[in-house]
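Below is one structure, written out as C-alpha cells, with a few remarks after it.
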Amino acid sequence: MTGGEPAVFVLGTGRCGSTMVSELLGRHPAILSLSEFFVLFSDMSKNLARLFPGRVVDAAYFWSLLSEPQPFLRSSLRNGVVGSEFRYLHRPARRFEVDAEVPPILLVALCLLSDDPEALYDEVERFVTTLPPATTPVHFHRLIRWLRHRLGRGVSVERSGGSIAFARTFAEAFPQAKFVHVVRDGRAVAMSMRRQRNFRLVYVQAQLRRTLGHNPFEPSDPSELSDPSESSAQDGLAALSPEFRRLLPGNFSAEAFERLDIPPAFFGAFWSGQLAPGCALLRELPADRVHTVRYEEILRRPAATLGELVRFIGVDPLDGNWLSAASAGVRPPGPPPWRDLPPAALEALVEATAPGFAALGGRYEP
C-alpha cells in the first residue's frame with residue numbers, strides 16, 4: 001500500500017512566497033493547509049531517510065517523527081536561529097517552555113490549524129499511538145485523513161520551505177500527489193534570503209564546513225550536539241576568523257550572527273542549486289499533476305492567479321467568499337530589491353542565478 005496523502009504539495013525554494021500561498025490556502029474552508037510539515041519532521045530536510053525509511057515502522061517510531069526535535073532543529077531553536085513562522089514560540093503561555101524541546105508538529109502546523117494547538121496535539125497523540133505498523137507514507141495518509149475529518153476539510157495541501165529540492169522524494173513517497181510550484185525571481189529570492197535567519201545560518205554552515213572540513217551543526221552523534229571545544233572541530237579552529245569562532249554551536253553569538261555581511265551571490269547560487277533537481281522531476285510528471293505559479297503574478301493579479309490555483313487543487317474559489325477575501329489581502333509588488341546593489345555585486349548575483357533561470361525554462365527573462 002502506498003501513501004495517498006497529502007493530495008497536493010506546494011513546492012518552492014526558500015523565500016519564494018510559498019508561505020504566503022500556504023496561509024492564503026489555509027483560509028479556504030475546504031482546504032487543510034499543512035505548513036512546515038515534512039521539513040520539520042526530517043530535521044530541516046537533513047534526514048529524509050528517517051522520514052521515509054522504506055520499511056514498515058510502528059506507531060512509536062511514527063510518533064517520534066512528530067514529537068521529537070532532532071539535532072539540527074534543536075540547535076537552531078537553542079540558538080534562536082528560527083524564522084517568524086515558528087508560531088508556537090510566540091505564544092504567551094505554553095506547555096513546552098524550553099524552545100529546543102518543542103515537538104516539531106507544534107512549532108507551526110498545529111498552531112495554524114487550531115486556537116488551542118496543545119489540545120489538538122494531545123488528540124493527535126491519542127490517534128497516532130493506536131496506529132498499526134505501516135510504512136511512513138501510509139502513516140501520514142492516515143494522520144492527514146484524520147485531521148481532514150477532525151477539522152472538516154475536503155483536501156489537504158502540504159508546504160515545506162525549500163521543498164523543491166526534495167520533490168523527487170515526495171513524488172516517490174506519494175505517487176498520486178499533485179504539485180504546485182511557486183516560483184519567484186531568483187535575484188529577489190537571494191536578497192530576501194540574505195535577511196532571513198534560517199538562510200543566514202546556511203551561509204554560516206557553508207563557511208564552517210569549508211574551513212573545518214565538516215559542519216559542526218550536524219554532529220556524528222545524533223543524540224546531541226557536542227561543544228566545539230570537545231569535538232573534531234578543534235583541529236580546524238586555528239583557521240577560523242574570530243568572527244566565525246563566535247558562530248560555532250556552544251559559543252554562538254547572536255550579535256555576531258546578525259552583523260555578518262553576506263554576499264547576495266551566495267544565495268543566488270543556493271537558489272539555483274535548489275531548483276535544478278526539483279524542476280527536472282516536475283518535467284517528468286504528467287502536465288495535469290503540475291501547476292506553476294509565479295509569485296509576482298499573485299501580487300499583480302491576485303484574483304485570477306489564486307482562482308486558477310485552487311481550481312487546480314480541486315476546490316471552488318468562491319466557496320465562503322474565499323477568493324475576494326484572499327485577493328484583498330495581497331499587496332502589490334514593490335521595486336526590485338537588487339536594484340541598488342553595487343555593480344560588482346549585481347554582476348555576481350546575475351551570474352549566480354543564471355542556472356536557476358535556465359532550470360525554470362524561460363519563465364523569467366533576467
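The values are calculated or read from the model by the stated rules, or taken from the named source; none is laboratory data. Treat the numbers as computed from the prediction; the structure is a model and nothing was measured. Ideal geometry is used to build each Cβ from the backbone, glycine not excepted, and the neighbour counts take in all protein chains shown.
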Just the residues that are in a loop (DSSP other than H, G, I, E, B) and on the phi < 0 side of the Ramachandran plot, please, taken from segment 32-78. F37, S42, K46, N47, F52, P53, R55, V56, D58, E68, P69, Q70
Within segment 119-159, the residues that are out of contact with any strand residue (DSSP E or B) (no Cβ under 8 Å at 6 or more places or on another chain) and polar (S, T, N, Q) are T129, T130
From E123, E118, grab the single residue that is more than 15 Å from L65 (Cβ to Cβ), surrounded by fewer than 17 Cβ atoms within 10 Å (Cβ to Cβ) and among the acidic types (D, E). E123
Quick check on R153: is it over 29 Å from N79 (Cα atoms), modelled with pLDDT of 95 or more and part of a loop (DSSP other than H, G, I, E, B)? yes
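Yes/no matrix, rows are residues, columns are (1) closer than 25 Å to V202 by Cβ; (2) surrounded by fewer than 14 Cβ atoms within 10 Å (Cβ to Cβ):
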| residue | (1), (2) |
| --- | --- |
| P92 | no, yes |
| L112 | yes, no |
| T136 | no, no |
| E158 | yes, no |
When you look at W322, is it over 20 Å from A167 (Cβ atoms), touching a His at 6+ places or on another chain (Cβ under 8 Å) and in contact (Cβ under 8 Å) with a residue 24 or more places away in the chain, yes or no? yes
Please work out which one of (1) crowded, with 19+ Cβ neighbours inside 10 Å; (2) assigned to a loop (DSSP other than H, G, I, E, B) is the condition H141 fails and give its number. (2)
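Residues are listed down the side, and each one gets a yes or a no for (1) without any contact (Cβ under 8 Å) to a residue 40 or more places away in the chain; (2) within 17 Å of R159 (Cα to Cα); (3) under 19 Å from the mean Cα position of the chain (by Cα):
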{"residue": "V57", "(1), (2), (3)": "no, no, no"}
{"residue": "S67", "(1), (2), (3)": "no, no, yes"}
{"residue": "F72", "(1), (2), (3)": "no, no, yes"}
{"residue": "A93", "(1), (2), (3)": "yes, no, no"}
{"residue": "P117", "(1), (2), (3)": "yes, no, no"}
{"residue": "R126", "(1), (2), (3)": "yes, no, no"}
Please list, ordered by first then second residue, the pairs with beta carbon atoms under 6 Å, 6 or more apart or interchain, first in segment 346-362 and over 17 Å from M193 (Cα atoms), second of a type in the set (S, T, N, Q) and in a helix (DSSP H, G or I). P355/S272
When you go through (1) surrounded by fewer than 16 Cβ atoms within 10 Å (Cβ to Cβ); (2) more than 28 Å from S18 (Cα to Cα) one by one for L131, which number turns out not to apply? (1)
Looking only at segment 79-93, count how many residues are part of a loop (DSSP other than H, G, I, E, B) and closer than 20 Å to L65 by Cβ. 3
How about segment 54-81: which of its residues are basic (K, R) and at pLDDT 95 or above? R55
Please note which helices (runs of 4 or more DSSP H) are completely contained in segment 262-366 and include at least 2 residues that are under 22 Å from the mean Cα position of the chain (by Cα) and surrounded by 13 or more Cβ atoms within 10 Å (Cβ to Cβ). 264-284, 295-300, 302-313, 343-359
